[in-house]
Amino acid sequence: MANFLKFFFFFIFIAPGLASEIALPSDLITFDKMCNEYRAILNLKFQDLRKTFILKEVSPGEIWFVDSDQQIQMTLRFFHEMNPEKTKKIEKVRITNPEGVALLEEETMTKGHDLTFTDPQKLIFFDPNYSQGSHCSLLDAEESKEVNISSQDSPQFKTMVHRKNTLTEKSVSQHIYIGATHVLTLNDTTQQDGAPPESKRKVEYIIKQTAYRMGALGVTSRSSGGPMGKMWLIGKKKENHIFPNFKYYSEFHGDPGLRGDLRPNQFLNGINDFFYVQFIKSSVLFFLEGTIAHVWPQAERRVNEAASSRFLDELKILRQRADDAQANPSLLVQIKTKLLEFIAAIQDGSLQVNDNRK
């Protein structure tokens, strides 16, 4: 019994602290940031739609977006269920146009223990900041999560996350699919060993496939292939030390210009170019922005006479947040969300800025 208690308390007080020992570089594009950017774009669209249309919840979980003539422009249906043991839950949001065509459907399947439902309002309006990390990542009570996003009932974007913990190691495997193709895997592992104890964190970015296709609602994004390989970083931190030491690596089949040991800036640029731009920005976000612009209901343009003054004030706040983000990297998501708001407002005419620079 005494040995069991020692084992139990070691797990409670040592193992949970492993993952927080080494913070990743704040500029690193992580799985959470990719998921948050997707949801931030949707959240911005819903902000505009909620200002343009009247929302009517005609039955529990069914919401109509109606115009001034009481004509339905879009329907949103929310559904969730959980097993009696609270170890598995399904949460679904389905958005359709007046003809019943599915503009977007998100289905989230989560496994764990003592699960609870997500706040429906934050889920159905795709709030990117309602939980620790992102909607795609795992909370403490969750062991695995699968998020399937489709349009016109065709798969577009899927994420899968699984966690595995032992006494001396914590690992999270994160997978990204475009269409039906598994394109990326991110592995995040933290270990502790040595005397004195030393924490070691390894994060891998692995390209699983480079040929993929996604398309629906008249918008298509595809890739016929590209360089295969992986990039990874290793951080080590000794007990009582303040800063971890990082090393960065790259290994590709072909020649994308990065090999072997890298400088931090080379690594960050490589993750941006070979993972984020190629797979997320040029495909997933391209498809999402295209369907929102051409297929979703259009929001009314709004004119704000005080836009210039308010714009300047908000830029000053954004500048302060950029300083604060050096100590708190989670603020970077808020900064990016606000920048996306500025871009959307300028594009729809609600924010007008006179640029007199030469």
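Each value in this text was obtained by applying a stated rule to the coordinates, not by laboratory testing. Bear in mind the structure is a predicted one, so any value in this text is a computation, not a measurement. No Cβ is skipped: glycine too gets one built from the backbone with ideal geometry, and neighbour counts run over all protein chains shown.
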Checking rank on 58-69, 90-101, 25-36, with mean other Cβ inside 10 Å and highest first, the result is 25-36, 90-101, 58-69
Rounded to one decimal in nm, the spacing of the 7 Å Cα→Cβ label points at Gln266 and Ala180 is 4.0 nm
Taking a ≥ b ≥ c as the square roots of the Cα gyration tensor eigenvalues, with a/c under 1.5 meaning rounded and otherwise prolate when a/b beats b/c or oblate if not, the range 216-298 comes out oblate
Quick calc: nm separation of the 7 Å Cα→Cβ label points for Glu85 and Leu339 -> 4.5 nm
Plugging the Cβ-Cβ distance of Arg77 and Gln298 into 1/(1 + (r/R0)^6) at R0 = 30 Å yields, to the nearest 0.05, a FRET efficiency of 0.90
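Please work out how much length the chain gains when fully extended from Lys164 to Glu107, using 0.36 nm per residue of separation minus the C-alpha to C-alpha distance, in nm with one decimal.
18.2 nm
What ranking, highest mean first, results for peptides 335-342, 278-285 when packing means the other Cβ atoms within 10 Å averaged over each residue?
Result, highest mean first: 278-285, 335-342.
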Between the modelled labels at Glu99 and Glu314 (7 Å from Cα along Cα→Cβ) the distance in nm is 3.4 nm
With R₀ set to 30 angstrom, the calculated FRET efficiency between the beta-carbons of Phe117 and Asn187, to the nearest 0.05, is 0.55
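Give me the number: length gained by fully extending Ala141 to Arg50, i.e. 0.36 nm times residue separation minus the C-alpha to C-alpha distance, one decimal in nm. Don't skip to the end; give the middle numbers.
Details: separation 91, 0.36 × 91 = 32.76 nm, distance 3.26 nm.
The Ala141-Arg50 span can extend by a further 29.5 nm.
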Stretched fully, the stretch from Asp67 through Ser171 gains (0.36 nm per residue minus C-alpha distance, one decimal, in nm) 32.6 nm
